[in-house]
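Read through the structure below, which is laid out as structure tokens, and then see the notes.
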Amino acid sequence: MGHLGALLFLLGGLGALANICGHNHQGHPRTSYYQYSLGILALCVHQKRVHDSVVGKLLYAVEHKPHLLQDHVSVDTMAMTGMAFSCLELSNLNPKQRNRINLALKRVQEKILKAQTPEGYFGNVYSTPLALQLLMGSLRPSVELGTACLKAKAALQASLQHKTFQNPLMISQLLPVLNQKSYVDLISPDCQAPRALLEPALETPPQAKVPKFIDVLLKVSGISPSYRHSVSVPAGSSLEDILKNAQEHGRFRFRTQASLSGPFLTSVLGRKAGEREFWQVLRDPDTPLQQGIADYRPKDGETIELRLVGW
Ligand code: B12
């Protein structure tokens, strides 16, 4: 597995471990099922046993909460949950729960297979690496599974030609797949094995031309008064550059928080997202972006909406 993949996985795992036992009164974890699963997986690959009641909460969620996860992140969460179960199944750390783990794993796999798009992605392009990590390591291979994985891998390979993977965290989830590995293989890592890496994208030499400018309409909704303002920036600017430009030249204000995925938008026009709320980023008409503000580069004439929503 690539060092980057293992390192970012462990960093994320450490963060998630701190929250592993925290369930609130509504019965969901204080963080998310993604982080809850990541915590169990990180402990499991180090062969640390967690109490049956901790695993039991995740099993219960898979058994009884069909919509346990929000849309855009459900495949990622299913995949992480599945990897936690795969590790527990392989390591037999919670033998009393063996049958339930086995069934939950089957259910998670079926759900991910159902989420395959006509292009071949499981969920979206960025959830496909984690989904493939889970499915490729399945202890129950079948023709259906093999065909679905081949299709997904082909779709991923095609996306690599279009520089879809620029974000280090996303690359860290993809690299194990390119090496036919998954986080579960960290139970006994083979550090000497030759590694497949991503070829650095060919840089196009800078053009000595006058930069072309683009106009982007920035909208804020979910709070009042709402906001609409057109921003003119050099072509190729990121959405973060656009927000900075709007802040420097007008009444727009925003704040971010650094995360492993990049800057996470936390506050807009002085309104901080509260608990279980977030500033969603959309492109007109009503399409949530699949990238964060530092990675997404709007096109000329696009309308970008920042919408305060619950999750
Ligand atoms: C849970 C989750 C969310 C939750 C986070 C809240 C919470 N407290 O759990 C919510 C619903 C708020 C969310 C929002 C978004 N998310 Co999200 N999210 C995830 C998910 C499933 C797990 C992240 C996690 O817990 N990691 C483990 C912990 C230990 O690491 P961490 O670094 O501390 O995690 C924090 C950051 O990841 C941050 N975060 C979550 N999503 C995103 C996205 C971006 C771009 C950034 C910079 C930070 C960020 O919140 C996490 C919890 O505090 C990942 C899946 C994945 N494959 O990684 C997608 C994922 C990272 N999200 C994604 C996206 C696109 C978004 C949004 C941009 C969607 C949108 N159109 O608005 C927004 C972010 C907008 C903003 N305000 O900047 C993509 C990123 C793809 C890419 N190219 O980088 C992923 C991979 C999902 C996917 N398959 O499309 N997300």
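The values are calculated or read from the model by the stated rules, or taken from the named source; none is laboratory data. Small disclaimer: the values here were computed from a predicted structure and weren't measured. Neighbour counts are summed over all protein chains in view; Cβ atoms, including those assigned to glycine, are modelled from backbone coordinates with ideal geometry. The protein model used for the area step is the full one, side chains on, heavy atoms only, and it has no ligands, DNA or RNA in it. Shrake-Rupley method; radii C 1.70, N 1.55, O 1.52, S 1.80 Å.
Scan the stretch 244-303 for residues that are over 25 Å from Phe213 (Cα atoms), assigned to a loop (DSSP other than H, G, I, E, B) and either without any contact (Cβ under 8 Å) to a residue 12 or more places away in the chain or within 11 Å of the ligand (Cβ to nearest atom) (or both) and jot them down. Hits for the stretch 244-303 are Leu260, Ser261, Ala273, Gly274, Glu275, Arg276. The residues of the stretch 125-166 that are of a type in the set (Phe, Trp, Tyr) and open to solvent by 20 Å² or more (accessible area, probe 1.4 Å) amount to a single one, Tyr126. For the stretch 230-254, taking the residues that are of a type in the set (D, E, K, R) and surrounded by fewer than 15 Cβ atoms within 10 Å (Cβ to Cβ), the one that is farthest from Gly292 (Cα to Cα) is identified as Arg251. Just give me the residues in the stretch 102-143 being assigned to a helix (DSSP H, G or I) and of a type in the set (D, E, K, R), in sequence order. Result: Lys106, Arg107, Glu110, Lys111, Lys114. The conditions of being of a type in the set (S, T, N, Q) and either in a loop (DSSP other than H, G, I, E, B) or closer than 24 Å to Gly301 by Cα (or both) are met by Ser237.
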